[in-house]
Amino acid sequence: MYRLSNNFYKQDALTVAQKLLGKILVRCWEDSTVTRYLITETEAYLGEEDLACHASKGRTKRTEIMYSEGGHVYVYLIYGMYWMLNVVTGIVDNPQAVLIRGIDKIVGSGKVGRELKMDKSFYGENMEDSDRIWIEDAPDSTSFKTAPRVGIDYAGDEWKDKPWRFILDNTH
DNA sequence: TGCACGATCTCG
DNA sequence: GAGATCGTGCAT
């Protein structure tokens, strides 16, 4: 079991979103205890032309990190109370990210952020060398389902219906 | 400087 | 079905 490097995250967001299923999200707390979570659900957001992606609004202070190399953490506050955990993917100047929607029995991006005690300080954290949060490798999952992404009706028919949500199939 | 809204969840 | 709750982007 070893930590995924930035090389892994440099792949396309659709590829990373699929491959992250079944991998291990590791959270090291302030008291040095460590909790490991199985990643069960992800969503891919694909660049400026993807109207559901925050980067579709262009390069701003908030989306800046998405323009960096894959492997950085992108967190943001939604509805004034939930921190969404995303991983930046792709190469420099190619703003893509993968939203972590589910870990272990915890399904729902808001609950994931709460469970992991995410906050603004995680913005821009590099998962390759962070001592608080990273992802460890596991065999690629071959059994998963796809579905449309959640909560993006504003993006228009072309984008809101894309099956870019990936759900680990746990019926062995 | 102000305002409307959102990659959500919980409760009733 | 509505409220909680606040940073962001865009209008003023």
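Only the coordinates and a few stated rules stand behind these numbers; no lab work does. None of these values were measured; they are calculated from a predicted model. FYI the Cβ positions are ideal-geometry reconstructions off the backbone, even for glycines, and counts take in every protein chain you see.
If I take every Cα pair under 8 Å that is 6 or more residues apart in chain A, average their sequence separation and divide by the length, what percent do I get for the relative contact order? Walk me through the numbers before you get to the answer.
Working: 404 pairs, mean separation 50.0, N = 172.
Rounded, it is 29 percent for chain A.
In what sequence do A:TYR154, A:TYR9 fall when counting other Cβ within 10 Å, fewest first?
Numbers: A:TYR154 9, A:TYR9 26.
Ordered by Cβ neighbours within 10 Å, fewest first: A:TYR154, A:TYR9.
If you put +1 on each Lys and Arg Cβ and -1 on each Asp and Glu Cβ, how big is the dipole of chain A around its Cα centre, in Debye rounded to 20? Could the numbers behind the result be given before it?
Numbers: 22 positive and 26 negative charges, 84 e Å.
Using Cβ point charges on Lys, Arg, Asp and Glu, chain A gives about 400 debye.
Between beta-carbons, use under 13 Å as the cut-off and find the net charge around A:LEU20, counting Lys and Arg +1, Asp and Glu -1. Numbers along the way, then the final one.
Numbers: positive: A:LYS19, A:LYS23, A:ARG101, A:ARG165; negative: A:ASP12, A:GLU41, A:GLU43, A:GLU136, A:ASP137, A:ASP140.
Here the charged neighbours net out to -2.
Can you pull the one-decimal nm distance between simple spin-label points at A:ASP129 and A:THR33, each 7 Å off the Cα toward Cβ?
Reported label-point gap for A:ASP129 and A:THR33 is 3.0 nm.
Order by neighbour count: A:ASP119, A:ASP131, A:ASP137, fewest other Cβ atoms within 10 Å first, most last.
Listing A:ASP119, A:ASP131, A:ASP137 from fewest to most nearby Cβ atoms yields A:ASP131, A:ASP119, A:ASP137.
Mind checking which lysines have their C-alpha under 25 Å from A:LYS117, skipping anything on the same chain fewer than 8 residues away?
The qualifying lysines are A:LYS19, A:LYS23, A:LYS61, A:LYS105.
Do the sum for chain A: with -39,500 (n - 2.57) for every DSSP H run of n ≥ 4, divided by all residues, what is the mean residue ellipticity at 222 nm, to the nearest 500 deg cm²/dmol? Mind showing how you got there, number by number?
On the way: 4 runs with 23 residues, N = 172.
Dividing the helical sum by the residues of chain A leaves -3000 deg cm²/dmol.
Using label points projected 7 Å from each Cα along Cα→Cβ, tell me how many nm separate A:ASP153 and A:LEU51, to one decimal.
Rounded to a tenth, the inter-label distance reads 1.5 nm.
Where in the stretch A:80-109 does the amide nitrogen come within less than 16 Å of the point 7 Å from the Cα of A:LYS117, taken along Cα to Cβ?
Label zone hits: A:83.
Does chain A classify as rounded, prolate or oblate by the C-alpha gyration tensor (a ≥ b ≥ c root eigenvalues; a/c under 1.5 gives rounded; else a/b over b/c gives prolate, otherwise oblate)? Walk me through the numbers on the way to the answer.
Details: a/c = 1.38, a/b = 1.17, b/c = 1.19.
Rounded.
Based on other C-beta atoms within 10 Å, arrange A:SER5, A:SER56 from fewest to most.
In increasing order of surrounding Cβ atoms, one gets A:SER5, A:SER56.
Around A:LEU51, with a cut-off of 15 angstrom between Cβ atoms, what is the net charge of the other residues, counting Lys and Arg +1 and Asp and Glu -1?
On the way: positive: A:LYS57, A:ARG149, A:LYS160, A:LYS162; negative: A:GLU43, A:GLU48, A:GLU49, A:ASP50, A:ASP153, A:ASP157, A:GLU158, A:ASP161.
Once positives and negatives cancel, what remains is -4.
Using the basic label-point model (7 angstrom from Cα toward the beta carbon), what is the A:ASP93 to A:GLU136 distance in nanometres?
With each label point 7 Å from Cα toward Cβ, the separation is 3.8 nm.
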